[in-house]
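Chemist: Questions regarding the structure given below will be posed in turn.
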Amino acid sequence: MSIALAGAEHQGSAKRRRRLGAEIAPGIAYWFAAPSIVLLIVTLLLPIIVVFALSFTDYELGALGISFLGLDNYTALASDPTFWRGFRNTLYYVALVVPGSVLSGLLLAVLVNDLIRGRRFYQIAFFLPVTSTLIAMATVWKYLLHGRIGPVNHLLAALGLPQFEFFGDPELIMPALAVIGIWQLAGFNMVLFTAGLTAIPADLYEAAAVDGIDRPWERFFTVTLPMLGPTTMFVIITSSITAFKVFDTVAVLTRGGPQGASDVLLYTTYLEGFQYLRMGSAAAMTIVFLAIILVLSLLQSRLLDRKVHY
Amino acid sequence: MTATVSIASIEKNFGGSRTLKGVSLEIEAGEFLTLIGPSGCGKSTLLRIIAGLIPQDGGSIAIDGQVVDDAPPKARDVAMVFQSYALYPHMTVFDNIATPLKVRRLPTLARLPVLGRWMPGLKAARAGVAEDVGKVAAQVEITSLLDRRPAQLSGGQRQRVALARAMVRQPRVFLMDEPLSNLDARLRVHMRGELAELHRRLGATFIYVTHDQVEAMTMSTRVALMMDGEIVQVAPPAELYANPSDIRVARFIGSPEINLFTAHAGPDGRIALGDEATPLRCDARGPVTLGLRPEALRIADRTTALTLKARLHRIENLGPDALLHLRHDQGGDQRATLRLPLAEIEALRRSGRLDAPLTIGADADAALLFGTDGKRLELRATGAARNDDLILQRAS
Amino acid sequence: MTALLTRLRRQGLGPRDLAVHAFLLVFVFITLFPFYWMILTSLRPASEVFTAHFSWWPETFVGLDNFRAALSQAPLLRFMLNGVLVCAGILIVQLLTAIPCAYALAKFEFRGKALLFALVLFALCVPIQVPALPLYVALAFTGTLDSYFALMVPFFLSVFAIFLFRQVFKSFPDDIIHAARLDGIGEAEILWRIVVPSAGPAIAAFAIFSITAHWNDLYWPLIVITSPELAPPPLGMMYFADNDSGTTFGALMAAATLLTAPLMIIFLFAQRHFIRGVTMTGVK
């Protein structure tokens, strides 16, 4: 709002400046920015304020009354075992997906980047899952991991190993979802790491070679890894944010089951808000979710400042 | 197709610092005026204020007697050639040159991509644009490049396209912002000649910004030297060299730089250089600075009016002549440079005189005298001069 | 023999290179196996799906039967058409609003500019799940739930596009903009005719990013869409997978193949743009 007001005020001084020198009045800049400013306010800033306000009320969609509850929604959350279970499951998922996708992305990037032949082939192959429609591929994965007819269990059987009911076992459900997450994210991280690798100046490797560092793994630990430091941090945080937002696979494959073992934060919030229409407590969960994402983003933007784009 | 440009007390501040401090300048119709100065002196800013691309904070610009302070760039009838050429990267050479004409001669709708081609009744206007572009392209010899894009051109070719785009609408005033500084040395020499020729042929007013004194000296009708947001001196090139009004002008123009010595004006105005009395006199008293161009200095003989002691530091061979770099005790940075034909230096070397301390000097009429404030001081000859044909030097 | 080895090594075929290739090919196998299995199952009869042994190839080839079954069980083509309409609508509005705003932020000085940019940076961190509740309530009150508009409206503003294009426009030379002003071109025309064409690669990268994100988005359609005829591909896929009581795995995989195919095909044709898009943006 203050932007629009400042704009109107500025028109006057723009005219005054126009008398002295004919540079295009900055007024035009407001016209350029206006559509975005309107959308920013209507679809983002106001909703955030509203969600914040709702989190202190007992608002339910369709209900006539609304009353102020103060921090009741938050204290209720703090003692709500369902919420905590979703929170724990989400953290578990993040703890599996982030190391898995970051390490495999790094490994693939380093190996592929050193190749003389086939670099593009590998990049395309590993990137393919990133562009695929996750929901469709998730159903494929559910089939792959199927307890009786899934090829993964066929393989385990062929190797004489025990078979698993991945989607029926509360112990295995999060790892199974994490496999899908890692499968989709590894190629994306690989491309980010590749960009970081190409930014390492070649003469550093030459200097290392002159200094007698010539084994690939020595080179990796003395030059590549330290130089990839900022990229690695960036990839870790980006992956954490992506993993924190896990929703699609849960909504389609497990619906939080079995026995709530795959309840995640966003799925719980979704059910609360859009299935049970309890807006107040869903808003409180949203605020908790936003706080976590903002902390991660803050870390990320500090890195972005250093390397605006790769 | 030419116009006067009046610049009256132009002020410009950038972030608290005064970039232009009340600059005034009258530029005559058809003149080739060069704005020269070190980087950051405000010359490019002044050029953009004339063009209307940057608003001034004070003062006024008039073109052909009309104040244009309210006018947007396109209404000022000026064209500009940029150091980076500023060609539209996605357009062909033809479209680059045609753009200013299309904007003026075709309605907005007709300039829409694809759709615009189907606007009826503009055949004549389009043909006129094509004809004018063809003419200008022929003038700068780029007819064969009209279908290319800027990325496919060499630096020199881009330069010509930029010129053609400026020429095509026949503006009254051409503004040029260091147009040659991105070219290699050989091409630069060639383009200097072409620009001077172009100016003669078009008869338009040229305002040319450069930091290269050779460009300023070779092409201009007049040169305005700017320093720290002010014009220090405006004069024809030869005058600027021979008669600098300020020590900063003397130092900026001329390569190698002018030699400066600390001198002293006695109570009677008689100037002493170290212990040596000189035949020079001025109206000031106390410390003054004596300037001598490298080619004015020579190895002193009995007829030399101004003399001082120096030691040889190093010889720099330039081909036809050479520079002697000397050290002396007469203040300044204690260095002096002396330009002599190579043969003379060989003779000196053979005679062994270069190994001993040297006495160097110059004629009294070659001396330029500056006060402690840097302003030029008038010189008078005295009766007791060692050479009797001293010329009265007028300060400009 | 050693000469041969050296030559092979120089061509990237030395023993170590071969070991790396072998290792990477295992990863390629794991990465691509789901795609292979999806297509394989879509081409095989139901009886083979439920056999307890593994086979690489359909023993009986059923041709496109599963695809025909999938298309008759659910309006898959309609889902895809919805996806195209929604992605196109979102992308067009995003470009039309973000480009001028980014240009204003990159090349003009105006009051409130720093605040606006700070808000853009803040908004960059806020995922759709945060404003979802109030947007849903607002759409419910205006009676616009379950419409194309509801599908698109939260994404009309892409602060990410503003951020990316600002970065690109900042590096556009001021001199060319000045030259255009001297040539008499209007401000809006300078933006769309002179500045935007030079940002082609960035626009392509953003378009790919935007299309991929919204073609694959499930969360928001799941919330606002109740009529199957408005469902974009992921939601359609979810409907399809849900009533799998009567659906065979073959038809399910055929549906998955159909719904993933468009993006895959675009990717294979424009993979350079995809990969550059990721490196340029670093954001998923």
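Chemist: Do you know which residues across the range A:96-126 are of a type in the set (G, A, S) and more than 9 Å from chain C (Cβ to nearest Cβ)? Walk me through it before giving the result.
Modeler: Of all residues in the range A:96-126, those of a type in the set (G, A, S) come to A:100-101, A:104-105, A:109, A:118, A:125.
Within the range A:96-126, A:G100, A:S101, A:G105, A:A109 meet the criteria.
Chemist: Being open to solvent by 20 Å² or more (accessible area, probe 1.4 Å) and either hydrophobic (A, V, I, L, M, F, W, C) or modelled with pLDDT of 85 or more (or both) is the filter here; which residues of the range C:242-269 pass it?
Modeler: C:F249, C:T257, C:L258, C:A261, C:P262, C:M264, C:I265, C:I266, C:L268, C:F269, listed by residue number.
Chemist: How many residues does the range B:81-102 hold that are more than 7 Å from every other protein chain (Cβ to nearest Cβ) and touching a residue at least 40 places away in the same chain (Cβ under 8 Å)?
Modeler: Step one: filter the range B:81-102 for residues more than 7 Å from every other protein chain (Cβ to nearest Cβ), giving B:81, B:83, B:85, B:87, B:91-98, B:101-102.
Retained after the next criterion (residues that are touching a residue at least 40 places away in the same chain (Cβ under 8 Å)): B:81, B:83, B:85, B:87, B:91-94, B:96-98, B:101.
Matching residues across the range B:81-102 total 12.
Chemist: Which count do you get for residues in the range B:60-80 that are open to solvent by less than 10 Å² (accessible area, probe 1.4 Å) and either more than 10 Å from every other protein chain (Cβ to nearest Cβ) or in contact with an Asp or Glu (Cβ under 7 Å, 6 or more places away or on another chain) (or both)?
Modeler: Total satisfying the criteria: 2.
Chemist: Considering each of A:I149, A:I135 in turn, give the residue that is assigned to a loop (DSSP other than H, G, I, E, B), under 19 Å from C:M253 (Cα atoms) and within 7 Å of another protein chain (Cβ to nearest Cβ). Before you say what the answer is, go through the steps one by one.
Modeler: Details: A:I135 fails: assigned to a loop (DSSP other than H, G, I, E, B).
Going through A:I149, A:I135 in turn, the sole match is A:I149.
Let's see how each residue does on (1) outside the structural domain of B:G42 (by TED's automatic domain parsing); (2) assigned to a loop (DSSP other than H, G, I, E, B); (3) open to solvent by 30 Å² or more (accessible area, probe 1.4 Å); (4) at pLDDT below 90:
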| residue | (1), (2), (3), (4) |
| --- | --- |
| B:V234 | no, no, yes, no |
| B:A238 | no, no, yes, no |
| B:V249 | yes, no, no, no |
| B:T262 | yes, no, yes, yes |
| B:P267 | yes, yes, yes, yes |
| B:I271 | yes, no, no, yes |
| B:A277 | yes, no, yes, yes |
| B:D283 | yes, yes, yes, yes |
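Chemist: Within the range A:153-175, track down each residue that is facing another protein chain (nearest Cβ under 10 Å) and either under 21 Å from A:S262 (Cα atoms) or open to solvent by less than 10 Å² (accessible area, probe 1.4 Å) (or both). Explain how you work it out, then say what you get.
Modeler: From the range A:153-175, those facing another protein chain (nearest Cβ under 10 Å) are A:153-155, A:157-158; that's our starting set.
Of everything in the range A:153-175, just one residue is facing another protein chain (nearest Cβ under 10 Å) and either under 21 Å from A:S262 (Cα atoms) or open to solvent by less than 10 Å² (accessible area, probe 1.4 Å) (or both), namely A:N153.
Chemist: Here is a list: C:D174, C:D242, C:D183. Which entry is acidic (D, E) and touching a residue at least 40 places away in the same chain (Cβ under 8 Å)?
Modeler: Numbers: C:D242 fails: touching a residue at least 40 places away in the same chain (Cβ under 8 Å); C:D183 fails: touching a residue at least 40 places away in the same chain (Cβ under 8 Å).
When all the criteria are applied, what remains is C:D174.
Chemist: Return yes when C:V159 is open to solvent by less than 30 Å² (accessible area, probe 1.4 Å) and within 7 Å of another protein chain (Cβ to nearest Cβ) and no when it is not.
Modeler: Values: open to solvent by less than 30 Å² (accessible area, probe 1.4 Å): yes; within 7 Å of another protein chain (Cβ to nearest Cβ): no.
It is false that C:V159 is open to solvent by less than 30 Å² (accessible area, probe 1.4 Å) and within 7 Å of another protein chain (Cβ to nearest Cβ).
Chemist: Would it be correct to say that A:W84 is modelled with pLDDT of 90 or more, within 9 Å of another protein chain (Cβ to nearest Cβ) and either in contact with a strand residue (DSSP E or B) (Cβ under 8 Å, 6 or more places away or on another chain) or open to solvent by 40 Å² or more (accessible area, probe 1.4 Å) (or both)?
Modeler: Details: modelled with pLDDT of 90 or more: yes; within 9 Å of another protein chain (Cβ to nearest Cβ): no; either in contact with a strand residue (DSSP E or B) (Cβ under 8 Å, 6 or more places away or on another chain) or open to solvent by 40 Å² or more (accessible area, probe 1.4 Å) (or both): yes.
In short, no.
Chemist: Pick from B:L390, B:L290, B:L308: which is modelled with pLDDT under 85, surrounded by 13 or more Cβ atoms within 10 Å (Cβ to Cβ) and assigned to a strand (DSSP E or B)?
Modeler: Details: B:L390 fails: assigned to a strand (DSSP E or B); B:L290 fails: modelled with pLDDT under 85.
Exactly one of B:L390, B:L290, B:L308 is modelled with pLDDT under 85, surrounded by 13 or more Cβ atoms within 10 Å (Cβ to Cβ) and assigned to a strand (DSSP E or B), namely B:L308.
Chemist: Since A:P129 meets every condition but one in (1) facing chain C (nearest Cβ under 7 Å); (2) more than 21 Å from C:N216 (Cα to Cα), which condition does it not meet?
Modeler: Status for A:P129: all satisfied but (2).
Chemist: Take the conditions buried (at least 17 other Cβ atoms within 10 Å of the Cβ), among the small types (G, A, S) and under 23 Å from B:V161 (Cα atoms) and apply them to C:G112. Does it pass? Quick ask: steps written out before the conclusion?
Modeler: On the way: buried (at least 17 other Cβ atoms within 10 Å of the Cβ): yes; among the small types (G, A, S): yes; under 23 Å from B:V161 (Cα atoms): no.
No: the conditions fail for C:G112.
Chemist: If you don't mind, another one. Please go through the range C:103-125 and give me each residue that is touching a residue at least 24 places away in the same chain (Cβ under 8 Å) and over 16 Å from C:F160 (Cα atoms), ordered by number.
Modeler: Within the range C:103-125, C:K107 is the sole residue that qualifies.
Chemist: Does the range A:113-128 hold any residues that are assigned to a helix (DSSP H, G or I) and either of a type in the set (A, V, I, L, M) or surrounded by fewer than 16 Cβ atoms within 10 Å (Cβ to Cβ) (or both), and which are they?
Modeler: Pass one, the range A:113-128, residues assigned to a helix (DSSP H, G or I): A:113, A:119-128.
Of everything in the range A:113-128, those that are assigned to a helix (DSSP H, G or I) and either of a type in the set (A, V, I, L, M) or surrounded by fewer than 16 Cβ atoms within 10 Å (Cβ to Cβ) (or both) turn out to be A:R119, A:R120, A:F121, A:I124, A:A125, A:L128.
Chemist: Given the condition part of a helix (DSSP H, G or I) and either modelled with pLDDT under 90 or in contact with a strand residue (DSSP E or B) (Cβ under 6 Å, 6 or more places away or on another chain) (or both), answer yes or no: does some residue in the range C:88-100 qualify? Let's see the steps before the verdict.
Modeler: Keep residues of the range C:88-100 that are part of a helix (DSSP H, G or I), which gives C:88-100.
Checking which are either modelled with pLDDT under 90 or in contact with a strand residue (DSSP E or B) (Cβ under 6 Å, 6 or more places away or on another chain) (or both) leaves us with none.
Taking every residue of the range C:88-100 in turn, none turns out to be part of a helix (DSSP H, G or I) and either modelled with pLDDT under 90 or in contact with a strand residue (DSSP E or B) (Cβ under 6 Å, 6 or more places away or on another chain) (or both).
Chemist: Sticking with this one: Out of C:S55, C:S72, report the one residue that is free of Cβ contacts under 8 Å to residues at least 12 places away in the same chain and at the interface with chain A (Cβ under 10 Å from one of its Cβ atoms).
Modeler: Details: C:S72 fails: at the interface with chain A (Cβ under 10 Å from one of its Cβ atoms).
Residue meeting the stated conditions: C:S55.
Chemist: Give C:A102, C:A138, C:A98 a once-over and let me know the one that is within 9 Å of chain A (Cβ to nearest Cβ), open to solvent by 40 Å² or more (accessible area, probe 1.4 Å) and small (G, A, S). If you could, list the steps in order and put the result at the bottom.
Modeler: Numbers: C:A102 fails: open to solvent by 40 Å² or more (accessible area, probe 1.4 Å); C:A98 fails: open to solvent by 40 Å² or more (accessible area, probe 1.4 Å).
Answer to the selection: C:A138.
Chemist: Sticking with this structure for a sec: So how many residues does the range A:176-216 have that are open to solvent by 40 Å² or more (accessible area, probe 1.4 Å), touching a residue at least 12 places away in the same chain (Cβ under 8 Å) and in a helix (DSSP H, G or I)?
Modeler: 6
The values are calculated or read from the model by the stated rules, or taken from the named source; none is laboratory data. Just so we're clear, the structure is a prediction, and the values are computed from it rather than from any experiment. Cβ: placed from backbone, ideal geometry, glycine included. Neighbour counts: every protein chain shown. Side chains included, ligands, DNA and RNA excluded: accessible areas come from the protein's heavy atoms. Shrake-Rupley method; radii C 1.70, N 1.55, O 1.52, S 1.80 Å.
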